Amino acid sequence: KTLIGSKEGSEITGLIHLPDKKQFLSVGWDKKITTFPDVPDVLKIHPDEYWQCVGRDVHHKDDILCVAYCRPHYLATGSFDGQMIVWNTDSEKIIAKFRTRTASKLDSIQLTRTESLVTSSSRCSTRQSRSRPTSRRLFYHRVKSASLKTRHVPVDHVTFLKSRLRSHTTTGVLVSSEHGDACCYELTGKETPVGTFQMTKYEEENVWALTTDHKDTVMIAGDTTGHVSVFDISSWCLVNGGKVEELTTWRAHVAEVVSVEYIAHDCCPLVLTGSADCTARLWTINGNYIGTFGQEQRWSINDPLTYQHPLTPWGTMRRSSSQLSDNGGCG
């Protein structure tokens, strides 16, 4: 299907499917939540409406950068000006609102979504033109940030800890990526995070891709240096604040990681990554390299003998620092 936007040049940054309502929801630069009907056998779909909110100052005032959904009716959106809103998809009303911290240095926000683009382009000789959507967004927000008087840290990514919500827990159920930090929020009570930790090795880097396993015991983060990190969050923000442990980290790409997905497989848990370097790769959860999609040498997730491990995508041997057990990743 192709969803036809209503405003030319207004980039779409997130798309969610609501199967129960037979709808698609899109968010982006127009600062709105747009609905599209999920019509069978129709390939081109036009928007049918925007969410109509009650009251004043409830819509986002800046570009929406990310969106997440959790059944039965939770929707979270995050914007460039640091605002997060949790919505009820049934009533289209707000459940909670949060605001990220103000950056201590103005330059950190001005360059936060663009500095790595410049450095990573020199690392990758195969980078395509900067007319790609990801690059357009980075350049646009660098120029735009120079005119902001107050600079809250942008919400780069947002995700729900769905297993906690299903168990009717409201504490520590929403996680956002804010300037390289993971921030955990509860849906009732405090508007500030109940827990935070740094996901990147360097403070000037960001995390644009974030996901968890189905039980929300591990969190996987992809940063703007091309690294992927796996954290144990099984007790984070649950009992006396809990603790977070980095289980492993590895270099996955030569440019920004823009997508990570956890895959439960019979052989072992897998991690799928996508990058601004125009490659998509598959790994075991402890960082063993399985293969790059489209490579000449064939591989199969069902046959560990075809995995590229112990080689990296660049032909070198990987030095593993994983704290996961052998059965945490095959190959």
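The values are calculated or read from the model by the stated rules, or taken from the named source; none is laboratory data. These figures come from a predicted structure and were not determined experimentally. Cβ sites come from the backbone with ideal geometry, for glycine too, and all protein chains shown count toward neighbours. When the accessible area is computed, the model is the full protein with side chains, heavy atoms only, and any ligands, DNA or RNA have been set aside. Shrake-Rupley method; radii C 1.70, N 1.55, O 1.52, S 1.80 Å.
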Just the residues that are open to solvent by less than 10 Å² (accessible area, probe 1.4 Å) and part of a loop (DSSP other than H, G, I, E, B), please, taken from the range 204-215.
206
Can you name every residue in the range 43-71 that is within 23 Å of residue 20 (Cβ to Cβ), assigned to a loop (DSSP other than H, G, I, E, B), open to solvent by 10 Å² or more (accessible area, probe 1.4 Å) and modelled with pLDDT under 90?
43, 46, 47, 48, 52, 53, 54
Six or more apart or on different chains, Cβ atoms under 7 Å: show the pairs whose first residue is in the range 275-292 and in contact (Cβ under 8 Å) with a residue 60 or more places away in the chain and crowded, with 22+ Cβ neighbours inside 10 Å and whose second is among the hydrophobic types (A, V, I, L, M, F, W, C) and not in a loop (DSSP other than H, G, I, E, B).
276/258; 285/230; 285/270; 285/271
Considering only residues of the range 241-266 that are touching a Gly at 6+ places or on another chain (Cβ under 7 Å) and of a type in the set (A, V, I, L, M), which is most open to solvent (accessible area, probe 1.4 Å)?
258
Where a residue in the range 242-262 is free of Cβ contacts under 8 Å to residues at least 60 places away in the same chain and among the aromatic types (Phe, Trp, Tyr) and its partner, wherever it lies, is crowded, with 17+ Cβ neighbours inside 10 Å and part of a strand (DSSP E or B), with Cβ under 9 Å and at least six apart
262/211; 262/212; 262/218; 262/220; 262/270; 262/271; 262/272
If you check every pair at least six apart or on different chains, which have Cβ atoms under 6 Å apart with a residue in the range 69-80 that is under 11 Å from residue 166 (Cα atoms) first and a residue that is assigned to a strand (DSSP E or B) second?
70/160
Which residues, taken from the range 226-240, are farther than 25 Å from residue 69 by Cα and open to solvent by 20 Å² or more (accessible area, probe 1.4 Å)?
227, 239, 240
Scope the range 146-167; condition exposed (fewer than 15 other Cβ atoms within 10 Å of the Cβ) and at pLDDT 80 or above; matching residues
166, 167
Mind listing whichever residues of the range 81-93 are open to solvent by 60 Å² or more (accessible area, probe 1.4 Å) and modelled with pLDDT of 90 or more?
90
